[in-house]
Amino acid sequence: MMSVAPASTATATDELKGPAAGFGLAAAIAILINALLAWEPLNAYMASLVGGDFWRTHGVAAVVAFFALGYLFTYQKFRIDGFRLAGLLAAASVVAGGGLALWFALA
Amino acid sequence: MNDVILFAHPIFGMLGVLASVWVFVEALNASEANRSRIRIAAFIVAGCFVAAWALGSYWRMAFYASEKAIILKGPWPWAHNFVMETKERLFFIPLILSLYLPIAVAGNLAKNGGARVVALVVAGFIVLNGLAIEGAGAVISYAVKVAFVHAGVVGVE
């Protein structure tokens, strides 16, 4: 079994480029956008777009943000160290998930 | 048919979680031999979460309004106000991660340690979020039952 090298020993072979890098950064940003969409004024605006239920526009907006940003970052030839991207994705997931839970716990 | 759709929603979610565990284990042991297996498993994860999204969307639009009203009148209103409100937004985190997973594993994980750790983190967070969402779904459905019992509906227990 191969071991995962710690970030401090990351080398050029740990770098991500192309769609893996572009869509990876897009995923981290889209996850944060998804959490921000829970903000009530945005919720109401999204509900008004489809005549009642915010959830359809919320999901579509998050997924469209992921693909649009992914294509943009890939087109711009974005590169990133894999360990750094993994940290960004983990941080985005924890902040967005914890933030959503806290938001509705306090609401 | 509606019962099939209701149960297919969490079943696809759980199949997606199981496939994510599969990706995680394969990525830990990444080699040339299991390269295609990792890609297949990653596409299964994405397919399962998209199916869970589609089925859950139908259920939510068609039926959840009445269940929400029942929950809010019962003794567990927090099952909607906190659990459902969080769950229905939290779901998009593993959905986005599952859509990214086939892209993340497209490279050679055996040679690129960075790509491998990204695949591990993405698959791991899909599992954690997926299990939390499955548990939340159980609480929400139980809150409907608790509301009926509280209202004295015979035969619900």
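Nothing in this text is a laboratory measurement; each read-out follows from the coordinates by a stated rule. Since this is a predicted model, take the numbers as computed values, not measurements. Virtual Cβ from ideal backbone geometry, glycine too; neighbours counted across all protein chains shown.
Packing, as the average of other Cβ atoms within 10 Å across residues, places the peptides A:63-75, B:112-124 in the order B:112-124, A:63-75, highest first.
Around the amide H of A:Leu16, modelled in the peptide plane, lie the amide H atoms of A:Ile80, A:Asp81, A:Gly82, all under 5 Å away and 5 or more residues distant in sequence or on another chain. For segment A:16-106, the equivalent ellipsoid derived from the Cα gyration tensor has semi-axes of 27, 17, 7 Å, listed largest first.
Shielding of peptide A:74-83 by partners, expressed as the average count of other chain Cβ atoms within 10 Å per residue Cβ, is 2.
Convex hull volume per residue, computed on the Cα atoms of segment B:1-113, equals 106 Å³. Once backbone amide H atoms are built at 1.01 Å from N, B:Asn29 has no partners under 5 Å, excluding neighbours fewer than 5 places away on the same chain. Computed from backbone phi with θ = phi - 60° and the Karplus coefficients 6.51, -1.76 and 1.60, the 3J(HN,Hα) list for segment B:118-134 is 5, 4, 5, 5, 5, 5, x, 6, 5, 4, 4, 5, x, 5, 4, 5, 4 Hz; x is used for glycine and proline. Helix B:92-104 and the long axis of chain B differ in direction by around 20°, with both axes built from C-alpha atoms.
Straight-line reach only, C-alpha to C-alpha below 21 angstrom: list the lysines that B:Lys68 could link to, leaving out same-chain residues fewer than 8 apart. Excluding near neighbours in sequence, the set is B:Lys87, B:Lys145. Directionally averaged projected area (the protein assembly as shown, Cα convex hull): 15.5 nm².
For chain A, the longest principal axis of the alpha carbon atoms and the long axis of helix A:54-75 meet at an angle near 30°.
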